[in-house]
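Bear in mind these aren't lab numbers, they're just calculated from the coordinates by the rules spelled out. Predicted, not measured: the structure shown is a model, and the values here were computed from it. Here the Cβ positions follow ideal geometry from the backbone for every residue, glycine too, while neighbour counts run over all protein chains shown.
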Amino acid sequence: MHTKELTRQYFDSLYLEQRLMDSCVPETDLWLYGKKFKTPIMTAALSHLGTFHPDAPNGMVDYAKGAELAGAVHWYGMGEEPEFEAVMATGASTIRIVKPYADEAKIERQLKHAESLGALAVGMDIDHMFDLQGNPDICVGEAMSVKSSEDLRRYVEMTKLPFVVKGVLSVQDAVKCAEIGVRGIVVSHHGGRMSAAVPPLYILPDIVKAVGHKMPIFVDCGICSGTDAYKALALCATAVSVGIHLIPFVKQGAEAVAKRIDDMTAEMKGIMAYTGVKNCKSFDAGVVHRL
Ligand SMILES: Cc1cc2nc3c(=O)[nH]c(=O)nc-3n(C[C@H](O)[C@H](O)[C@H](O)COP(=O)(O)O)c2cc1C
C-alpha cells in the first residue's frame, strides 16, 4: 500500500473516548520559541505555489498571510531570497526550511538571511537528500547532497535561531538530532517520498518517549481536519502542519486559508472539550484507542 494511503488509514483507525465529567471550555493557544500563537495548527513548508499552481500566482504570499490572519505559525520551504522577503513582509511568524543543497554557501546564506529577517526558526528537510534511487536528489533543477550529523551540527551552530530537522521518522534519527543540539523535529515522510514508510502517528509515541522532554515535536503528512490534528496532539505532538489540504484555499486567497485554519481549530477545540483537555499542554494519549 502506498505510504500516503497507509497514513490516512492509520489516522482513521484511531478513535477517542469521551471525558465530559469536569471538562471545561478549552484554550487553543500555543507557546513556541517564546511566542504565543492562537492555534497549534500551522501551515506546512510548501514551495513553488506560483509556479506549479498558475491559478495561485501569489500563492506563497497568500499562504503566509493566511497563517498570519489565523494567528498560526507559518512554515516556508524551498525558495529564493526575494520571495522569502515578500513572505516575511506579511508579518507571519515563519520557520524557514532550507533544502539540503550541495552548495554549502547557499545554505549558509539562506540561514543567515532568515535570521536577519527575524524568522521564528530555521531548519532543513533531510528527507530530500536522496532521490528515490538512492542518489543525491536533484530538486527543481538544483543539486542536493547527503548531509551527516556533523554537517547538521554545523548548521545548528551557524545560526542563533532554533534549528529544526524535518523528515524524522525513527527514534534513532530523533535521538541523533537531540545529541547535536537540534531544537525541534518534524515527524514526517514528506508526503510519502519513501514507499512503505511508517505513518507519523504510529512512530510518534516512541519518539516522544525518547526525546519529547528535550524539544518541540511537530507532525505533518495527511492532516486535513481538526480531528486529525487532535489525534496528533493527543499523541503528544507539540503542534501540527497542514500542507496539501490548504492548497485549494490558497487559490481562494489569504482569508480563505485563515478561515480553514480557524475552522479546523474550532473542530479540534470541540473534541478537546469532549475529551476533558483544557489547553494544549494537557492532551492525554490515554483517550486514543486503535480499533
Ligand atoms: C507543493 C509542495 C511543495 C513542498 N515544498 C516543500 C519544501 O520546499 N520544503 C519542505 O520541507 N517540504 C516541502 N513540501 C512537503 C510538505 O512540507 C509536507 O511535508 C508534505 O506535503 C506532507 O504534509 P501534507 O500532507 O499536509 O501536505 C512540499 C509539499 C508540497 C505539496
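Some notes on this structure:
- Contour minus Cα-Cα distance for residue 154 and residue 2 (0.36 nm per residue): 51.2 nm
- Sites residue 20 and residue 109, calculated FRET efficiency, Cβ-Cβ separation with R0 41 Å, nearest 0.05: 0.15
- Helix-derived mean residue ellipticity, 222 nm - over the chain, DSSP H n ≥ 4, -39500 (n - 2.57), to 500: -11500 deg cm²/dmol
- Cα-based radius of gyration of the stretch 160-291 once divided by 2.2 N^0.38 Å, which approximates compact folds: 1.08
- Here residue 284 and residue 9 are evaluated by their C-beta separation; at R0 = 22 Å the FRET efficiency comes out at 0.35.
- Cross-link reach list, aspartates and glutamates versus residue 209, counting only Cα pairs under 17 Å and skipping chain neighbours closer than eight places: 173, 179, 284
- Spin-label pair residue 263/residue 116, simplified geometry with 7 Å Cα→Cβ offset, distance in nm: 4.1 nm
- Ordered from longest to shortest, the equivalent ellipsoid semi-axes for the stretch 3-290 are 29, 22, 18 Å, each the square root of 5 times a Cα gyration tensor eigenvalue.
- Residues whose placed amide H lies under 5 Å from that of residue 31, excluding near-sequence neighbours: 37
- Assuming charge only on the beta carbon of Lys and Arg (+1) and of Asp and Glu (-1), the dipole of the chain about its Cα centre is about 640 debye to the nearest 20.
- Taking amide H positions as modeled 1.01 Å from N, with prolines and chain starts lacking one, the residues under 5 Å from residue 220 and 5 or more places away or on another chain are 187, 241.
- Cα lying deepest toward the dipole's positive end in the chain, options 197, 30, 79, charges on Cβ: 30
- In sequence order, the stretch 132-145 has phi-based couplings of 7, 9, x, 9, x, 6, 10, 10, 6, x, 10, 6, 9, 9 Hz under the Karplus curve 6.51 cos²θ - 1.76 cosθ + 1.60, θ = phi - 60°, and Gly or Pro positions carry x.
- Amide H to amide H, with H built 1.01 Å from N, residue 125 comes under 5 Å of 98, 166, counting only residues 5 or more places away or on other chains.
- Those aspartates and glutamates that a straight Cα-Cα span of less than 18 Å connects to residue 35, excepting residues fewer than 8 apart in one chain: 27, 68, 115
- FRET efficiency, 1/(1 + (r/R0)^6) with R0 22 Å, evaluated for residue 85 and residue 145 via beta carbons: 0.25
- Zone residues, the stretch 183-202, relative to residue 224, backbone N less than 15 Å from point 7 Å out along Cα-to-Cβ: 191-192
- Entries of 38/269; 231/278; 4/259; 176/278; 4/231; 38/65 with Cα pairs more than 23 Å apart: 4/259; 176/278
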